[in-house]
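*Asks:* I'd like to ask you about the structure that follows.
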Amino acid sequence: MAQPPALSRREAVKALLADRGELLVITGLGSSSYDVFDAGENPANFYLWGAMGGAAMIGLGLALAQPKRPVDVITGDGEQLMGIGSLLTISAKKVVNLTIVVLDNGQFGETGMQTSHSGLGARLDVIASGAGLRSVTEISDMKGLADFRPRLRDIDGGPRFARIHIATGHVERALPPRDGVFLKNRFREHLGIPVR
């Protein structure tokens, strides 16, 4: 089976987050945090520096707590594979303002570019569909990204899942803030929640 073309991860994330409006973004561990930061620093970004496998569940909690805001989780295939059961919980909760975007290069980027399960044939889009997510999209070109981008701002019709085929290869790190207390307080302030 021929592999679809692969996009530049940085170009893909920049295209996704263009005109983001009220979008709240949770990033997975590692490269997805660098990609979101490189696309433009924003107090509505919450970067995870640990909790591998937890990005989708944090996104679920945020979407439930902020039903009038669109919530997007941007993570990698390795991180989502570690938290694969989260897709079942997200489906069961039927949270309509949540989108999970997986940047899939078939590799564990943070531990040495070993082949991930998706690189060995696991299809995260098929798994998400089987888990019962309402909207599942596979994206392999810029037109697909442009068509999908407006759905990120929807606060209904979810939960949505998008698997974006990205190229392998080295990308320079763009490091967002790493201070967890600062990130938490900044995000809370952005949401209008008092910080004490």
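The values are calculated or read from the model by the stated rules, or taken from the named source; none is laboratory data. Remember, predicted model here, so these are calculated numbers, not experimental data. Virtual Cβ from ideal backbone geometry, glycine too; neighbours counted across all protein chains shown. Heads up: the accessible areas ignore ligands, DNA and RNA and are worked out on the full protein's heavy atoms, side chains in. Shrake-Rupley method; radii C 1.70, N 1.55, O 1.52, S 1.80 Å.
*Asks:* With charges only on Cβ, +1 for K and R and -1 for D and E, what is the dipole size of the stretch 9-190 about its Cα centre, in debye, rounded to 20?
*Replies:* Working: 21 positive and 20 negative charges, 100 e Å.
Once rounded to the nearest 20, the dipole reads 480 debye.
*Asks:* First compute the accessible area of the chain with a 1.4 Å probe, then give the percent of it belonging to carbon and sulfur atoms. Each step should come with its number before you reach the end.
*Replies:* On the way: 4920 of 8990 Å².
The C+S portion of the solvent-accessible surface of the chain is 55 percent.
*Asks:* Points 7 angstrom from Cα along the Cβ direction at Glu189 and Ala122: gap in nanometres?
*Replies:* Rounded to a tenth, the inter-label distance reads 3.9 nm.
*Asks:* On to the next question. What number results when the radius of gyration of the chain, computed over Cα atoms, is divided by 2.2 N^0.38 Å? Show your work: numbers first, answer last.
*Replies:* On the way: Rg = 15.4 Å, N = 196, 2.2 N^0.38 = 16.3 Å.
It is 0.94.
*Asks:* For Ser135, list long-range residues whose amide hydrogen, built 1.01 Å from N in the peptide plane, is under 5 Å from its own amide hydrogen.
*Replies:* Counting only residues 5 or more places away or on other chains, the set is Phe161.
*Asks:* Could I ask something else about it? To the nearest 500 deg cm²/dmol, what mean residue ellipticity at 222 nm is calculated for the chain from DSSP H runs of n ≥ 4 alone, each contributing -39,500 (n - 2.57), summed and divided by the residues?
*Replies:* Details: 8 runs with 69 residues, N = 196.
Estimated from H runs of four or more residues: -10000 deg cm²/dmol.
*Asks:* Same structure, new question: Would you work out the relative contact order for the chain, in percent, from Cα pairs under 8 angstrom that are 6 or more residues apart?
*Replies:* On the way: 380 pairs, mean separation 53.1, N = 196.
Reported as a whole number, the value is 27 percent.
*Asks:* 5 Å is the cut-off here: which amide hydrogens, built 1.01 Å from N in the peptide plane, fall below it relative to Val73, excluding neighbours closer than 5 in sequence?
*Replies:* Long-range HN contacts for Val73: Ile26, Thr99, Ile100, Val101.
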